[in-house]
Amino acid sequence: MVAMARRRTPSSASAAPTGCPCGLPAAYADCCGRLHRGEAAAGSAEQLMRSRFSAFAVRDEPYLLRSWHPDTRPASVDFDPSLRWERLEILGATDGGPFHQDGTVEFRAHYRERGRAGSLHENSRFVRHQGEWVYLDGVIQP
Ligand SMILES: [Zn+2]
């Protein structure tokens with residue numbers, strides 16, 4: 001925390017610790033934070049995926065629920081208090097662009113659980129629901 005207060009570099013695209021949890025260099029408030037606050041909508045399935053990873057990282061349950069398709073949405077999201085989502089790696093994507101109605105995003109999400117590093121490899125499906133990208137479901141890869 002002390003180091004953060006002291007840091008003052010105007011051009012700091014490489015300063016990973018201050019970037020968004022989704023992995024992009026922009027600050028959280030200007031990146032996924034805009035989606036979480038409802039000020040912007042995801043322009044692609046990948047952007048929605050990133051914003052949902054960030055929502056897990058900052059434990060934004062309302063955002064996770066409203067970016068979930070109503071057919072597959074759980075009643076609530078249980079955040080494991082011993083688990084911290086640390087880094088997202090996008091491995092690939094199909095469709096999910098401005099002119100698509102669905103798309104997939106394959107990713108590896110890195111976490112730390114009681115000090116131990118782990119990762120989740122999933123291929124997620126996204127669809128448009130009332131014009132907006134939402135998460136439908138995913139297949140966990142071994
Ligand atoms: Zn972000």
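The values are calculated or read from the model by the stated rules, or taken from the named source; none is laboratory data. All values derive from a computational prediction rather than experimental measurement. No Cβ is skipped: glycine too gets one built from the backbone with ideal geometry, and neighbour counts run over all protein chains shown. Surface accessibility is based on the protein's heavy atoms, side chains included, excluding ligands, DNA and RNA. Shrake-Rupley method; radii C 1.70, N 1.55, O 1.52, S 1.80 Å.
Annotations
- Charge dipole (the chain, unit charges on Cβ, about Cα centre) - positive-most of SER124, GLY97, THR18: THR18
- Surface share of carbon and sulfur [accessible, 1.4 angstrom probe, percent] for the chain: 52
- ALA117/HIS69 FRET efficiency (R0 35 Å; Cβ-Cβ; nearest 0.05): 0.70
- The range 23-53: trypsin sites (Lys or Arg not before Pro) in DSSP coil with no more than 12 other Cβ atoms inside 10 Å: ARG37
- In the chain, helices alone account for a calculated mean residue ellipticity at 222 nm of -5500 deg cm²/dmol, with every DSSP H run of four or more residues adding -39,500 (n - 2.57).
- Axis of helix 45-58 versus longest Cα principal axis of the chain: the two differ by about 50°, to the nearest ten degrees.
- Within the range 95-128, the chymotrypsin sites (Phe, Trp or Tyr not before Pro) that combine a DSSP coil assignment with at most 12 other C-beta atoms in a 10 angstrom radius are PHE99.
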